[in-house]
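J.: Sending over a structure as structure tokens; questions will come in a sec.
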Amino acid sequence: MASVKQKIPNVVVWGAGARCQIVMSAIRKDKCTLKGIVDTNQALYHQYMECWQIEAPELLIDNTVDYIIISTCFGETIWKQCEEMGICKDKIIDYWKTDTKYEFIDETVKKIFELEREIVILKRRIENMPYELGLKPCPEIRSSEELLLKIIREKNSLCRFGDGELELMQNKERPWFQEVNGQLAKRLKEVFYCKNEKIIIALANNFGSLDYYTEDAADGIRSYLSQGSRERLMSIIDINRTYYDAYVSRPYLIYRKKNRAKDIFKLFQRVWKNREVLLVEGTYACIGVKNDLFQNVVDLRRIIAPDKNAFSVYDKILEVIHKNIDKDTLVLISLGPTATVLAYDLAMKGIQSIDIGQLDNEYEWYIRGVDERVEIPGKCVSELISYRIPDRIADDIYERQIVARIEN
């Protein structure tokens, strides 16, 4: 009796990010037919990885595809997109999370990668340990609670310096939403070294103990500070100055103890309680929309600025702000590194201004009780490539709050 020839499955890889190459190397081409790589990030379309041109999912995924391999380690968004496309769950393989074995996937590739990654993580932990134990000098960075109480008491303004601002200060690329700009670097340095008592300079609390953070967050910080980055950053930090914690706008996801976030959000709400607020935000931010973050303000108006390279229209943003405020208006800004400079310039004119960063995203994740970054319907999540340009929120109140839109 003739044996039945086993069908060779058709496979598509979804996700052309940093780990795609590893997944591609694990696929046994003799055991399947690889149709190609897909991604929802349009900026990647028509680029190549090995010999494969990256395409939109709808161009490659049809009823002839037997399996879709998710290559990113944050696959939740892709799962949902597959569901919306009507793709059966049995066809989806989450490469980094599945324990199921497939004939066309070489399991040793993942094992070797994970072992090599563990070695790198351990080396970085050892390298960073003298600073975490307090054996080497670190800048003094006071807590988020102290920062917010100081703002409430003294009506200070806040300029935050996270990784992106520190890198751009040195003309190095970091955030996707702001390209390197010499004038921006100059202005960030001016802000960072200012001594105005009404302006709080906040620095990401990366340099000493990391016990407060989740293991993944702490290892991410150690990775960022490795290979000479700590020394480079310390060369621009004043070790004799007292800073406050720039992670005040990220009080939830990166911390081991999640219940602390509730108190931070309440303190923020005390900052703008019974105030007239002008919110300056990016195109897809929709801060406070569909949640109660600003339920206690007297009035809320919005200026919508570009979501990318906002500093290119800085003078226009500043001009429009001045047309829409008086001396008692509280200005809240969520606009990447541009927010740091804006808060400073407004504060120097006597207008209380606070760079709130991605506080709204954190609040949304806190409300949901999630342990990792997930999409937020209608709102940009900068860390999720596939959710930087979300579907529009239909909200009449939000539309009425907009007093100006500024474009590049």
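The values are calculated or read from the model by the stated rules, or taken from the named source; none is laboratory data. Computed from a prediction, not measured in an experiment: that's the story for all the values here. Every residue, glycine among them, receives a Cβ derived from its backbone with ideal geometry; neighbour counts consider all protein chains shown.
J.: Out of SER223, SER249, report the one residue that is in contact with a Gly (Cβ under 6 Å, 6 or more places away or on another chain) and surrounded by 14 or more Cβ atoms within 10 Å (Cβ to Cβ).
T.: The unique qualifying residue is SER249.
J.: Looking only at segment 371-380, count every residue that is surrounded by 14 or more Cβ atoms within 10 Å (Cβ to Cβ) and either modelled with pLDDT of 90 or more or in contact with a Pro (Cβ under 8 Å, 6 or more places away or on another chain) (or both) and tell me the total.
T.: Qualifying residue count for the region: 5.
J.: Please specify each residue of segment 12-42 satisfying the condition of being among the hydrophobic types (A, V, I, L, M, F, W, C), within 31 Å of the chain's Cα centre (by Cα) and surrounded by 11 or more Cβ atoms within 10 Å (Cβ to Cβ).
T.: Residues satisfying the conditions are VAL12, VAL13, TRP14, ALA16, CYS20, ILE22, VAL23, MET24, ALA26, ILE27, ILE37, VAL38.
J.: Next question. Which is crowded, with 19+ Cβ neighbours inside 10 Å and out of contact with any Ser or Thr (no Cβ under 6 Å at 6 or more places or on another chain), of LEU279, LEU318, LEU267?
T.: LEU279
J.: A further question on this structure: When the residues of segment 166-199 are filtered to those that are of a type in the set (S, T, N, Q) and within 21 Å of ASP238 (Cβ to Cβ), which remaining residue is modelled with the highest pLDDT?
T.: ASN196
J.: Taking the condition over 17 Å from ILE151 (Cβ atoms), touching a strand residue (DSSP E or B) at 6+ places or on another chain (Cβ under 6 Å) and either in contact (Cβ under 8 Å) with a residue 24 or more places away in the chain or not assigned by TED's automatic domain parsing to the domain that holds VAL38 (or both), does ILE356 pass?
T.: When the stated conditions are applied, ILE356 does not pass them.
J.: Restricting the search to segment 135-191, which residues are among the acidic types (Asp, Glu) and within 20 Å of the chain's Cα centre (by Cα)?
T.: Hits for segment 135-191 are ASP163, GLU165, GLU167, GLU173, GLU179.
J.: What number of residues in segment 274-324 are more than 30 Å from LYS262 (Cα to Cα) and touching a helix residue (DSSP H, G or I) at 6+ places or on another chain (Cβ under 8 Å)?
T.: 7
J.: Can you tell me which residue is surrounded by the most Cβ atoms within 10 Å (Cβ to Cβ) among those in segment 338-357 that are hydrophobic (A, V, I, L, M, F, W, C) and part of a loop (DSSP other than H, G, I, E, B)?
T.: Across segment 338-357, the extreme among qualifying residues is ILE356.
J.: Follow-up. Assess whether TYR213 counts as being assigned by TED's automatic domain parsing to the domain that holds ALA343, within 20 Å of GLY134 (Cα to Cα) and either among the hydroxyl-bearing types (Ser, Thr, Tyr) or modelled with pLDDT of 95 or more (or both).
T.: yes
J.: Is it the case that segment 318-329 has a residue that's within 22 Å of the chain's Cα centre (by Cα) and at pLDDT below 95?
T.: No, segment 318-329 contains no residue that is within 22 Å of the chain's Cα centre (by Cα) and at pLDDT below 95.
J.: Counting only residues that are surrounded by fewer than 18 Cβ atoms within 10 Å (Cβ to Cβ) and among the hydroxyl-bearing types (Ser, Thr, Tyr), how many does segment 284-296 have?
T.: 0
J.: Any residue in segment 126-137 that is touching a residue at least 60 places away in the same chain (Cβ under 8 Å) and not assigned by TED's automatic domain parsing to the domain that holds ALA218 sitting within a Cβ distance under 7 Å of a residue that is part of a loop (DSSP other than H, G, I, E, B) and surrounded by 14 or more Cβ atoms within 10 Å (Cβ to Cβ)? List the pairs, counting only those 6 or more apart or interchain.
T.: Pairs found: GLU127/SER226; ASN128/LEU225; TYR131/CYS138; TYR131/PHE207; TYR131/GLY208; GLU132/GLY208; GLU132/LEU210; GLY134/GLY208.
J.: Could you run through segment 44-80 and say how many residues are over 20 Å from MET24 (Cβ atoms) and out of contact with any strand residue (DSSP E or B) (no Cβ under 8 Å at 6 or more places or on another chain)?
T.: Residues in segment 44-80 being over 20 Å from MET24 (Cβ atoms) and out of contact with any strand residue (DSSP E or B) (no Cβ under 8 Å at 6 or more places or on another chain): 6 in total.
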